[in-house]
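The values are calculated or read from the model by the stated rules, or taken from the named source; none is laboratory data. Since this is a predicted model, take the numbers as computed values, not measurements. Cβ placement follows ideal geometry from the backbone for every residue including glycine, while neighbour counts extend to all protein chains displayed. Side chains are part of the model used for accessible areas, which takes the heavy atoms of the whole protein and leaves out ligands, DNA and RNA. Shrake-Rupley method; radii C 1.70, N 1.55, O 1.52, S 1.80 Å.
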Amino acid sequence: MKKIILGSLLALCIAVPALAHPPITVYVDQQKVAFADQAPVIVDDRTLVPMRKIFEAMDADVTWDEPSQTITSTRGSDVVTMTIGQKQVYKNGKVVYTMDVPAQIMQDRTMVPIRAVAVAFDANVAWDGINYVIDITTDGSAAASGNYSKQIHADDGTLLATVSLTYSPLTSNSTAANKINKNVYDQISQKASVITVQMETAAKAAYTKNPASFQPYYYMGTYQAKGEGSDFSSVVLEERTFMGGTETKTLSADTYNMKNGNDAVLTDIVTDSKKELETLMEKGFSALIDQNPDAFYSDAKDRLDKNLDEVGFYLDKNAVVFYLNSGIIAPESAGVIAFSVPR
């Protein structure tokens, strides 16, 4: 073990909203989709994808009507239409979804929110916000054993909610790794049953109360093995939940000892004292606040001082990442705030 230092902190800051994100990668039924001239983009916190490429990857036919600026996509007996600049998604003549960000044209390509793709043909979409990977499955099944995906419909067939839990597991074939992977899949099983009931109950109540303005609910939980090594590894869970209003995002992480598969705490990994770690966290987040004060609450440093016990951590390659969830020192729109230091 060794100390982690603050020396290169400013160069290693991550997750400030203004910073660039990695390229977005899209898979449809585990096949990577190639984008020749227009890649997926994020607009107003919504991921937009080239509609033709995605729907064709889902074995749907796509046509474009220039006078009306309307896209029509057909898959089996289902016909889906969207119009540039409008937020409604029509399926078989009925509005099934209202987009926060309307369909639009970029680089001569029609771009639509990924959630519209899911609703259009009852696909499941999992979003890995750490690696910026979109995983679309069209058969209602999870991509890997132990994962979970379920769609909930009203009696009239309207999509009410989607629940998805996925895990990109540890890859080493060791007793400890197998124990950790099994633990995560057990978590998925337990969480899935609870969340599905919660989402179904809430979505049915909301749809019954106001079916005309209802937008399908969703819960997307993405577990990702991070910083896998021979000594320690972390599993990070990103959760994105929409139950009307604004999407919420949270991050949580567990770190494990790769010798025995047991839970590990930060002082198992580094030799810094608790006081030294608190000082490092305070300086690290304060540096982020000073870099971009408009992205944080006006009293962010006071909030930080009162909520140091809310700081989480995970391992990423040769670094330790410290993070705070949104709403603690910055608004919900800022997302997770984090910085990393080498270990």
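The figures follow:
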| quantity | calculated |
| --- | --- |
| Top-ranked residue in the stretch 179-206 [being within 16 Å of ASP254 (Cβ to Cβ) and open to solvent by 80 Å² or more (accessible area, probe 1.4 Å); ranked as modelled with the highest pLDDT] | LYS179 |
| Residue count, the stretch 207-220 (criterion: open to solvent by 30 Å² or more (accessible area, probe 1.4 Å) and part of a loop (DSSP other than H, G, I, E, B)) | 5 |
| Test: ASP268 is part of a helix (DSSP H, G or I), open to solvent by 10 Å² or more (accessible area, probe 1.4 Å) and without any contact (Cβ under 8 Å) to a residue 24 or more places away in the chain | no |
| Any hit, the stretch 151-164, residues being open to solvent by 20 Å² or more (accessible area, probe 1.4 Å) and closer than 23 Å to VAL236 by Cα | no |
| Elements of type strands (runs of 3 or more DSSP E) in the stretch 35-78, at least 1 residues being touching a Pro at 6+ places or on another chain (Cβ under 8 Å) and at pLDDT 85 or above | 46-50 |
| Residues being open to solvent by less than 70 Å² (accessible area, probe 1.4 Å), part of a strand (DSSP E or B) and more than 24 Å from ALA36 (Cβ to Cβ) - total across the stretch 79-113 | 10 |
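Per-residue answers, yes or no, for (1) under 24 Å from the mean Cα position of the chain (by Cα); (2) of a type in the set (Asp, Glu); (3) part of a helix (DSSP H, G or I):
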{"site": "SER252", "(1), (2), (3)": "yes, no, no"}
{"site": "THR255", "(1), (2), (3)": "yes, no, no"}
{"site": "LYS275", "(1), (2), (3)": "no, no, yes"}
{"site": "ASP290", "(1), (2), (3)": "no, yes, yes"}
